[in-house]
Amino acid sequence: MLSRLANGLAWLAVHPRGLLRLLVVLALSAVISAPPRPFVVLGPQQQVHTINGKMGIHTRLTDEVEPWKIKRSLQMVREMGAPWIVEYFPWAYSEPQPGRYDWTHADLVVNHARRQGLTVVARLGLVPEWARPKDTTNTYLEEERFPDFARFVGQFVRHFQGRVSYIIIWNEPNLSLEWGYRPVDPDGYVRLLRLSYQAAKKSDPGVRVLAGALAPTLAPPGSAEGMNDLVFLQRMYDAGARAHFDILALHAYGWSFPPDEPAAPDAINFARVELAREIMVRNGDGDKVAMITEGGWNDHPRWTKAVRPAQRIAYTVRAYEKVATEWPWCQAVALWAFRYPWATRTYQDYFTFVTPDFTAKLIYAEVQGYAQGRRQTVDRQDAGHAQ
């Protein structure tokens, strides 16, 4: 056996064309034997059937590259009964070089979402390398580059006119992590918001611009990590933000508290957004609505801010119901997160409703039952004492 192998290798060494032919045959064999990729079409127009038109979810398809997985994710969102999705469309992905745009992946997500009957809220951010100094993070945006981001916003709105009617300008600007690991700057954020709002409205006067997407935090004054979201919001109004957005985006994480835990300035809970609403009213913005673009509960067995799986289900259903029945000023609530393209192998996996291989968790089935009217709604007492 070994002698035959040696003789074969010797023959190939003196017959290079034979080696080339062998490599070609092996390559063709690999292609032929590989499983065929699914042929993905948009399919017929669908409609979401739900008893709660404010239900939404953060889909996180940014790094999902396979079209069939994008389609399947959005199908499952529709089947769950959520008409709203928040999806991330990074600037760095769509404008990899100045003035050169690639909407291929963004078009794929938006077209499939619309075909499933979903309304897309587009979160815009993530700075390309060419627009930031070397050795800075992808959330670092110098003020001299604000016009570049605003130009991207205008191009995004123009490209998706008639398909995407809601855009979020940046994400959690009250956290240093999301502001390039610099001291947060509400005045600077408002300047970015103003330029982005103007560019968006120039491209499509009907687009709805969301500001804020503020992270709930009790950071004390002078904290290197960020600024209290309520303080940051008031500072936004002081800087003139009112004229430069249509909807306020808020994040509402419940941590270990039920959704009906009363709001308090010194507490992080789901109802904290009521305090942000009060700031809107005090600043003459009572006619505007808000939207929860991130939030929810986590059921990791060993995370200090998590709850039990049954509690997470009860709290989630009650939160959707609370927004629908008690908060007329909240247009939609998109909880975090539907599914990740791959497992993070951290506590983050316990925020999801569906696993990477499309296995629906129990929370998915229970929310679906609620949306279809098959699940008895959870009252406040049940939601507060779920085990």
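Derivation of every value follows stated rules applied to the coordinates shown; laboratory data play no part. Since we're looking at a predicted model, the values are computed, not measured. In this analysis, Cβ positions are derived from the backbone assuming ideal geometry, glycine residues included, and neighbour counts consider all displayed protein chains.
The table for this structure:
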read-out	value
Calculated from backbone phi, Karplus (6.51, -1.76, 1.60) coupling profile of region 249-261 in Hz, x at Gly/Pro	8, 10, 10, 9, 9, x, 6, 9, 9, x, x, 9, 4
Fraction of antiparallel bridges per DSSP, the chain only, in percent to nearest 5	10
Distance from region 127-170 to region 293-313 (C-alpha centre basis), Å	32
Packing rank of 130-141, 201-212, 343-354, where each peptide gets the mean count of other beta carbons within 10 Å, highest leading	201-212, 343-354, 130-141
Interchain or long-range residues, amide H under 5 Å from residue 125's placed H	89, 91
Using distinct alpha-carbon pairs, which all enter the 1/r mean, Kirkwood radius of the chain in Å	22.7
Residue order, fewest to most surrounding Cβ atoms within 10 angstrom, among 256, 94, 223	223, 256, 94
Residues residue 151 and residue 45, FRET efficiency given R0 of 41 Å [Cβ-Cβ distance, rounded to 0.05]	0.80
Potential extension, residue 163-residue 103 segment - 0.36 nm per residue separation minus Cα distance	20.3 nm
Estimated 222 nm signal from helices in the chain, with DSSP H stretches of n ≥ 4 weighted -39500 (n - 2.57), rounded to 500	-12000 deg cm²/dmol
Gaussian network model of the chain, springs between alpha carbon atoms under 10 Å - residue of 85, 167, 279 with greatest fluctuation	279
Region 235-387: antiparallel DSSP beta bridges as a percent of all, rounded to 5	10
Efficiency of FRET between residue 310 and residue 275 - r from beta-carbon atoms, R0 30 angstrom, step 0.05	0.60
Inter-centroid distance (Cα atoms) of region 314-377 relative to region 181-255, Å	26
Paramagnetic reach from residue 343 (point 7 Å along Cα→Cβ, amide N under 17 Å) across region 48-91	none
Count of Lys pairs (Cα-Cα under 24 Å; at least 8 positions apart or interchain) in the chain	12
Placed amide H near residue 226: partners under 5 Å, 5+ positions off or other chain	176
